[in-house]
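Note sheet for the following structure.
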Amino acid sequence: MTRDIRQDIEHWVRPEIRALSAYHVPDPGDCIKLDAMENPYRWPDALVNAWLERLRAVPLNRYPDPSARHLQERLRVAMQVPQDMAILLGNGSDELIQMIVQTVATPGRVILAPEPTFVMYRMIAQVLGLNFAGVPLKADFALNLDAMLEAIEQHQPAVVFLAYPNNPTGNLFDAAAVRRIIAEAPGLVIVDEAYAAFASDSFMGVLGEYPNLLVLRTVSKMGLAGLRLGLLAGPPAWLNEIDKTRLPYNINVLTQASAEFALEHRDVLDAQTAQIRADRATLQAALMALPGLTVYPSEANFILFRTPAGQADALFAGLRERGILIKNLAGAGGPLAECLRVTVGTPKENAAFLAALGGLLAA
Ligand SMILES: *Cc1c(COP(=O)(O)O)cnc(C)c1O
């Protein structure tokens with residue numbers, strides 16, 4: 001064994017992969033987990049028992065229905081996908097983002113998004129050997145429409161991703177600006193509505209008005225993050241092409257059965273998301289009452305805030321020591337300098353977070 005593994009890696013691993021660092025998820029330990037936009041609520045015991053009863057009948061020895069037709073039809077109703085639009089399911093919307101980019105991936109092509117935004121657009125583009133163009137948002141995190149249109153003209157992107165509402169900033173972009181971008185873009189525009197359950201607007205009803213518009217949804221943020229299930233809706237001609245990149249049986253039998261069951265009990269999930277929306281307003285007001293914070297408006301289940309200069313890392317670490325895990329975005333600097341992001345938890349979790357943060361700010 002004299003062969004040097006590092007030399008082999010240098011030789012064989014694609015340079016763009018070597019340059020990446022893997023997507024890092026911290027170990028929460030026993031912390032109150034307010035870092036990942038999860039719904040904090042579980043189901044009532046009776047519902048858990050009914051779900052387990054349903055799973056009893058699932059044949060684990062058989063491959064799943066390859067296109068999950070029953071689940072698709074339930075999701076079409078639940079997410080109000082127009083009848084003449086097609087649906088494609090993914091193992092999380094992350095997988096659908098990967099499939100979309102794979103469909104158009106040729107070296108030299110460009111994927112474009114405003115920044116800061118969801119990091120997977122850039123990461124997947126880079127993994128697949130495409131170029132990524134990030135267009136800075138304005139200081140208040142609104143779209144810079146002129147800069148977007150200029151970048152679209154310059155780069156002729158194969159795909160534009162717009163998170164609506166945006167992560168990690170929490171705001172909805174101006175709908176008229178989004179429409180301009182869809183109209184001007186030479187390729188696909190993906191409106192990523194991961195936080196639709198918490199937002200006051202959607203492009204789902206706009207599908208069909210533009211041949212290049214696709215809408216992305218997920219069940220993760222509405223309370224089923226563990227299932228890994230995302231949905232892409234759009235014109236059948238586009239989705240037929242993207243479907244060719246899908247690995248067979250990507251939605252496993254447990255996810256299909258569990259998601260169908262959950263959607264039959266939609267009222268439970270809806271009550272939970274309504275509770276989270278109400279608690280978001282309470283949390284927002286309480287954060288604004290703390291000294292020195294800039295709190296950004298949110299149409300999602302998290303709130304972004306800016307700490308006094310030079311304090312973000314210490315506040316994040318102090319919260320962690322007190323058993324509360326949020327997301328520190330300050331490391332990236334730039335427009336997110338001094339920014340932290342907190343997911344809306346249960347009233348009790350939010351109160352613990354506020355008490356700890358208030359204590360740290362007063363210290
Ligand atoms: C969380 C998130 C996703 C990923 O959702 P999964 O379905 O869990 O893969 C996609 N887009 C945005 C903007 C997100 O914040």
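When the residues of region 265-313 are filtered to those that are small (Gly, Ala, Ser) and in contact (Cβ under 8 Å) with a residue 40 or more places away in the chain, the one that is farthest from Leu361 (Cα to Cα) is Ala300.
The single condition from (1) more than 21 Å from Pro82 (Cα to Cα); (2) in contact (Cβ under 8 Å) with a residue 12 or more places away in the chain; (3) surrounded by fewer than 24 Cβ atoms within 10 Å (Cβ to Cβ) that Gly226 fails is (2). For first residues located in region 170-193 and closer than 18 Å to Ile111 by Cβ and among the acidic types (Asp, Glu), partners that are more than 16 Å from the ligand (Cβ to nearest atom) and modelled with pLDDT of 95 or more and lie 6+ apart or on another chain with Cβ distances below 7 Å form the pairs Glu184/Leu149; Glu184/Ile152.
If you take the residues in region 1-26 that are basic (Lys, Arg) and in a helix (DSSP H, G or I), which one is surrounded by the most Cβ atoms within 10 Å (Cβ to Cβ)? Of everything passing the filter in region 1-26, Arg18 is surrounded by the most Cβ atoms within 10 Å (Cβ to Cβ).
Among all positions in region 130-142, there is at least one residue which is in contact (Cβ under 8 Å) with a residue 60 or more places away in the chain and within 16 Å of the ligand (Cβ to nearest atom).
The numbered conditions (1) touching a strand residue (DSSP E or B) at 6+ places or on another chain (Cβ under 9 Å); (2) of a type outside the set (Lys, Arg); (3) within 23 Å of Leu60 (Cα to Cα) are all true for Ala262 except (1). Touching a helix residue (DSSP H, G or I) at 6+ places or on another chain (Cβ under 8 Å) and in a strand (DSSP E or B): does that describe Leu60? Against the criterion (touching a helix residue (DSSP H, G or I) at 6+ places or on another chain (Cβ under 8 Å) and in a strand (DSSP E or B)), Leu60 does not qualify.
In region 108-121, the residues that are closer than 17 Å to Leu149 by Cβ and within 11 Å of the ligand (Cβ to nearest atom) form Cβ pairs under 6 Å with partners that are outside any loop (DSSP other than H, G, I, E, B) and of a type in the set (Phe, Trp, Tyr), at six or more places apart or across chains, as follows: Ala113/Tyr121; Ala113/Phe161.
The values are calculated or read from the model by the stated rules, or taken from the named source; none is laboratory data. Remember, predicted model here, so these are calculated numbers, not experimental data. Here the Cβ is made from the backbone with ideal geometry for all residues, glycine too, and neighbour counts use every protein chain on show.
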